[in-house]
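Below is one structure; the comments refer to it alone.
The values are calculated or read from the model by the stated rules, or taken from the named source; none is laboratory data. As the structure is a computational prediction, the values presented were derived from the model and not from experiment. Every residue, glycine among them, receives a Cβ derived from its backbone with ideal geometry; neighbour counts consider all protein chains shown. For accessibility, only protein heavy atoms count, side chains too; no ligands or nucleic acids. Shrake-Rupley method; radii C 1.70, N 1.55, O 1.52, S 1.80 Å.
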Amino acid sequence: SLADTLSQPARFGFGRPATEAEIAMLDIDVRPDGQGLPTGEGNAAEGKAIYALKCAGCHGATGTEGPNDRLVVGDTIKGARRIRAIGNYWPHATTVFDYIRRAMPFNQPGSLTDREVYGLTAYLLHANGLWDGKVALNAKNLPTIKMPARDKFVPDDRTDGPEIK
Amino acid sequence: SLADTLSQPARFGFGRPATEAEIAMLDIDVRPDGQGLPTGEGNAAEGKAIYALKCAGCHGATGTEGPNDRLVVGDTIKGARRIRAIGNYWPHATTVFDYIRRAMPFNQPGSLTDREVYGLTAYLLHANGLWDGKVALNAKNLPTIKMPARDKFVPDDRTDGPEIK
Amino acid sequence: ASIVLVQTASGKAFQAALTASELAGDPTKVPGVPPGALGTRSPFEKPVKVFSETSSRTPLQDLQGMLTPSDLHYERHHGGVPAIDPTKHELVIHGMVDKPMVFTVADLKRFPSVSRIAFLECSGNYRGAGDGKIRPQEICGLTSQSEWTGVALSTLFREVGVSPKASWFLAEGGDAAVMTRSVPVHKGWDDAIIAYAQNGEAIRPEQGYPVRLFLPGWEGNANVKWLRRIELADAPFMTREETSKYTEAVGGGKIRQFSFTMDARSIITYPSYPAKVEKGWIEIRGIAWSGRGKVVRVEVSTDAGKTWHNAALQEPVLDKAIAAFRYLWNWDGNPTEIMSRTVDETGYVQPFLKQLVAARGGNMGYHFNPVTAWYLQQDGQVLFKST
Amino acid sequence: ASIVLVQTASGKAFQAALTASELAGDPTKVPGVPPGALGTRSPFEKPVKVFSETSSRTPLQDLQGMLTPSDLHYERHHGGVPAIDPTKHELVIHGMVDKPMVFTVADLKRFPSVSRIAFLECSGNYRGAGDGKIRPQEICGLTSQSEWTGVALSTLFREVGVSPKASWFLAEGGDAAVMTRSVPVHKGWDDAIIAYAQNGEAIRPEQGYPVRLFLPGWEGNANVKWLRRIELADAPFMTREETSKYTEAVGGGKIRQFSFTMDARSIITYPSYPAKVEKGWIEIRGIAWSGRGKVVRVEVSTDAGKTWHNAALQEPVLDKAIAAFRYLWNWDGNPTEIMSRTVDETGYVQPFLKQLVAARGGNMGYHFNPVTAWYLQQDGQVLFKST
Ligand code: HEC
Ligand code: HEC
Ligand SMILES: [Ca+2]
Ligand SMILES: [Ca+2]
Ligand SMILES: [Ca+2]
Ligand SMILES: [Ca+2]
Ligand SMILES: [Ca+2]
Ligand SMILES: [Ca+2]
Ligand SMILES: [Co+2]
Ligand SMILES: [Co+2]
């Protein structure tokens, strides 16, 4: 804890300073405000083609069929409670970019170029009815997308007390 | 502990009574007063032959050469402090019978007949200068043998207090 | 032994040794296996985890006491177990810090170390079964306990000079999922550990070798394994795991996020399905834990929840740790339901399933820690029953 | 990534993925191994016991905290590890009892159970080296710690009705040595356990599968493994192990017998030979234990015994258990000797070697628990030094 730490020397001097270059190599996260988004862009049409090639096998031809996680809400956007997809459950559009870039395709994670990721993100947001089919997605416009689920999310309000919540 | 035990039921009723026959099958120990010694007998000459056949390979031709534990004190009985053999270190003759019967020969433990064990015990005690070469050893005379080391043994007198002992 | 005469080298005849058939199957008559470099598990014992593509579950019903053997520790990963060379692995800490730093595994081991015995649990750790045929392993086998050793994150925070304005940090793994979770900075100062050892030895690959984040009492997924990067920031990063996953509907159309604390829980591991028991004395055994602090009491009911009795807790009862409990009971052989519930030091009482569902607006999901009941049939068969 | 165009099914050309060479060796770019039935040990970690024909020693210098992984638990056996089928193994209790009984392993598991974390140590557990080139493993690696679970022997004593006149019992193993030791009955009533589990799972074969006697704090050999028989009596049986072996010359021609208690002890496991250290901050780490009860203090000296400082003890500090200790020290780079000593709740202070030898009339032997020093050379090399 902090208290324990204070009884220790101010610095041990183990480890080495991180250079900006080596941090940049690892620092792939993208935040809700767009921090971390790379330059470049990609549109839904490009993304659709890549999707068909690299994603459809696991997520279905239209992102609704599986066998793996459903990505597209489809017609049921306002209906069925049990569907959890980008269009009705994801609070931030930036997460789509971040996650695809770091973890997909599942069999070749980290293999996509930034342009491909922009395209795929544009395609999936478009398929969820949240982005125009023509306009290329980039670091500037991606964070501005308003996600339908955004206001559903509330921080944990359990108080670590006796209440069952 | 006993206290915990008292809060429990007097008997749980798990397990089954042991019959005398099945206890007898397992109850191979021999005590200093001779309790547990079987009927029968064996002498040093018999034992010497068995020893040559089944023991000498590990304990040496005369029980002094090894490679495994030295069994016979030899000429040095009063001299060298570092020798530990039956003749100068073992407090009870019954232990020789008990141990050979349960554990030797190391490569075929439990393979000796009681007669063989009496013979081997007679032989080893004789070689250590503690038993006549002719008289057969049996349940009656074995416990009467006075072992030289007997009075050297003292029970642990450490008190579990601060003293270094 | 039959009397057989054997000719010795010295020409004498003696009674032979016991015959081979007399010795067969008696371990006292054959020299055993000599000491070796590594111990073994008896071939008669085959405890195994039940595994799917995404997780594997500790066989709770096969275990005693409070520790989990390392190779039976539950697994949950999102990109499989990476093969990491510890001499190539580094932890980078950057973002809102004075001095961004890189630490090798060897560097981390030089800092002051801390150890604690604590549980780890996946927040998606409840299953039932309509027919009652489900074991503790399947019900809640995504919980395990180890002794964890590593460097306090607070020590590293001080080393890099974390900004007083930093309120969250991102923890990122070096696995194929490049797993990321946002964690409040206060947990880093409080009791987070960058752990490199588990039950004495190096952390096992499945648990994050060579280093993982360990957040005592917090949901498993946030305890990022194969940790390679920590970035300090002033807001959460809203990663996929803390938005699309590990969030739960709590009624009124709301979704709860950042529900880190693992609530108090227990399960009776003996007797449990598929055991069959006899009437008479039965020691009811189980495990209890709470991510909020210490277990103060485990109550056991043997009459379907009408009356409750305190079970004995195995000492030491530790903070944010599994405690083994025991309750001695004389079963009269009549069908009944037995169950346990944990009360922790915050006064929280482990709820029934129906209470939990009601409290969450009718939804099920992560952080489900209901009382689990076992139904004892007349014939001694033990079956799961939801509460 | 180099720009490569790839033709897709729909006829469009796209920039290709990163090339294989760019991905080589990066565990974030290859799916890892899926969850499985049993966890593994990293191929980069190879902790092993050092073994001879009669024993194998725990690699203390490779371990952290207070627990020993089961497969690294020390071994000492006198007839090898027997292969025992647990469905055929029985424990007979007879002699001075009301009702001689036979218990199967399954029977034993039905009785009320107890668990405790405790060390086990062979009483022949000290070695030095004239050239200083010896590791903790060789010095005193015949000590290890586990969580043991079983039935209290007192429970079984009551079940069979042990006679109030019984003062000793014989414990006999089912191995090729048919190992026997005499144990005072009061230990059976106090805290002896017939143990069937170790660190959560079934006891390992090397530690006595399926059942062993466990005598907290008492010399390893008396904790008879593969236990098959207990005979109650009114005197010790004077077995070979308690006469020819496990007795020690204590001066004046006397030999001490039945020295069960393991005295207090400690060893610094880091830094230790063959480590090389650098000047600056060093966390001195080690383990401390006492068979007499709790460790109350571990003192560390970094100036060859002139001054002593209290080390931090890892909580929980348990009765008759190993406690991990830590002492943070800033080495100025000048050659010095570091050492630790345990003080236990009886007021016993772990002695120097010369004190022990003097107290035993110049003899060495079993129950040697001296302070162990490490000499730090100018170049950082750490070497053993006897005290
Ligand atoms: C070989 C199978 C496979 C392929 C190919 C694949 N995915 Fe996935 N995808 C998965 C799996 C499995 C998961 C769930 C991973 C987890 O939960 O850890 C997933 C999860 C996702 C998610 C998160 C879904 C959610 O609800 O949280 C997104 C978004 C996604 N994939 C997009 C893609 C895109 C875009 C591609 C192609 C570039 C792709 N996937 C290719 C298997 C695949
Ligand atoms: C294959 C080797 C081998 C053979 C054959 C063998 N022994 Fe041994 N013996 C040993 C070993 C090894 C020990 C030490 C065992 C231990 O310490 O657990 C030993 C110990 C003993 C001891 C105890 C010595 C002491 O100082 O405590 C006696 C007595 C003994 N053997 C007698 C015999 C007799 C009699 C025979 C023949 C019937 C025999 N041995 C055959 C290897 C052998
Ligand atoms: Ca970043
Ligand atoms: Ca989904
Ligand atoms: Ca007897
Ligand atoms: Ca000898
Ligand atoms: Ca989790
Ligand atoms: Ca011992
Ligand atoms: Co999970
Ligand atoms: Co020993």
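Computed values, structure above
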item: For C:Asp107, net neighbour charge (Lys/Arg +1, Asp/Glu -1) across residues whose Cβ lies under 9 Å away; result: +2
item: Within a Gaussian network of chain D (alpha carbon springs, distance under 10 Å), most fluctuating of D:Gln350, D:Gln314, D:Gln137; result: D:Gln314
item: With all protein chains modelled, accessible area of A:Met25 [1.4 Å, Å²]; result: 150
item: Label point at B:Ile164 placed 7 Å out along Cα→Cβ; residues across the stretch D:286-308 whose backbone nitrogen lies under 16 Å; result: D:299-301, D:304-308
item: A:Arg16 - accessible surface, heavy atoms, 1.4 Å probe, Å² rounded to 10; result: 90
item: A:Ala52/A:Val135 FRET efficiency (R0 22 Å; Cβ-Cβ; nearest 0.05); result: 0.60
item: The protein assembly as shown - convex hull of the alpha-carbon atoms, volume per residue in Å³; result: 188
item: Charged-residue dipole, Cβ positions (Lys, Arg, Asp, Glu), chain C about Cα centre, Debye nearest 20; result: 260
item: Which of D:Thr104, D:Tyr74, D:Val224, positive extreme of dipole for the stretch D:50-253 (C-beta unit charges); result: D:Thr104
item: Dipole in debye (nearest 20) - the stretch A:36-151, about Cα centre, beta carbon charges: Lys, Arg +1; Asp, Glu -1; result: 280
item: The stretch A:1-109 - Rg and Dmax from Cα coordinates, angstrom; result: 20.3, 61
item: Paramagnetic reach from C:His186 in the stretch C:247-277 [backbone N under 17 Å; point 7 Å along Cα→Cβ]; result: C:257-262
item: At R0 = 45 Å, FRET efficiency that the Cβ-Cβ distance of D:Ser167 and C:Ala129 yields, to 0.05; result: 0.25
item: Inter-chain Cβ neighbour average for residues C:45-56, partner chain, 10 Å; result: 4
item: Heavy-atom accessible area order for B:Lys54, D:Lys279, C:Lys133, largest first, 1.4 Å probe; result: D:Lys279, C:Lys133, B:Lys54
item: Other-chain or far-sequence residues with amide H under 5 Å of D:Ala249's (modelled H); result: D:Arg256
item: In order through the stretch D:244-256: 3J(HN,Hα) via Karplus (6.51 cos²θ - 1.76 cosθ + 1.60), integer Hz, x for Gly, Pro; result: 5, 10, 6, 10, 9, 5, 10, x, x, x, 8, 10, 7
item: Residue-wise HN-Hα coupling along the stretch C:190-204, computed from phi with Karplus coefficients 6.51, -1.76, 1.60 (Hz; x: Gly, Pro); result: 5, 8, 5, 10, 8, 8, 10, 9, 9, 6, x, 9, 4, 3, 6
item: Under the Karplus curve 6.51 cos²θ - 1.76 cosθ + 1.60, θ = phi - 60°, whole-Hz ³J(HN,Hα) for the stretch A:150-165, x wherever Gly or Pro sits; result: 3, 7, 6, 7, 10, x, 3, 10, 5, 9, 6, x, x, 4, 8, 10
item: Under 5 Å, built H, 5+ apart or other chain: amide partners of A:Trp131; result: A:His126
item: Residue with peak Gaussian network fluctuation, chain C [Cα springs, cutoff 10 Å], from C:Val151, C:Val33, C:Val296; result: C:Val33
item: Quotient of Cα Rg and 2.2 N^0.38 Å for chain C, N being how many residues it contains; result: 1.21
item: D:Val349 long-range amide H proximity, modeled H, under 5 Å; result: none
item: Estimated inter-spin distance, A:Asp4 and B:Asp69, nm [label 7 Å along Cα→Cβ]; result: 4.8
item: Isotropically averaged projected area of the stretch D:50-253, using the convex hull of Cα atoms (one quarter of hull area), nm²; result: 12.6
item: Separation between Cα centres of the stretch C:151-165 and the stretch D:218-259, rounded to whole Å; result: 55
item: Cβ-based net charge around C:Ala288, under 15 Å, with every Lys or Arg adding one and every Asp or Glu removing one; result: +1
item: Per-copy distances of the D:Glu278 label point, shortest first, in nm (7 angstrom along Cα→Cβ); result: 6.6
item: Candidate residues D:Lys306, D:Lys29: accessible-area rank, largest first, probe 1.4 Å; result: D:Lys306, D:Lys29
item: C:Thr87 versus C:Ala358: modelled label distance in nm, points set 7 Å from Cα along the beta carbon direction; result: 6.2
item: Nearest residue to the symmetry axis between D and C, taken on chain D by its Cβ, in whole Å; result: D:Pro316, 2
item: GNM result for chain C, Cα springs below 10 Å: residue of C:Val298, C:Val102, C:Val211 fluctuating most strongly; result: C:Val102
item: Above-threshold pairs, the threshold being 20 Å between Cα atoms, out of C:Lys165/C:Lys245; D:Lys187/D:Lys225; C:Lys49/C:Lys279; A:Lys54/C:Lys245; D:Lys354/D:Lys385; result: C:Lys165/C:Lys245; C:Lys49/C:Lys279; A:Lys54/C:Lys245
item: Cβ-derived FRET efficiency at R0 22 Å, D:Ala106 paired with B:Arg11, nearest 0.05; result: 0.80
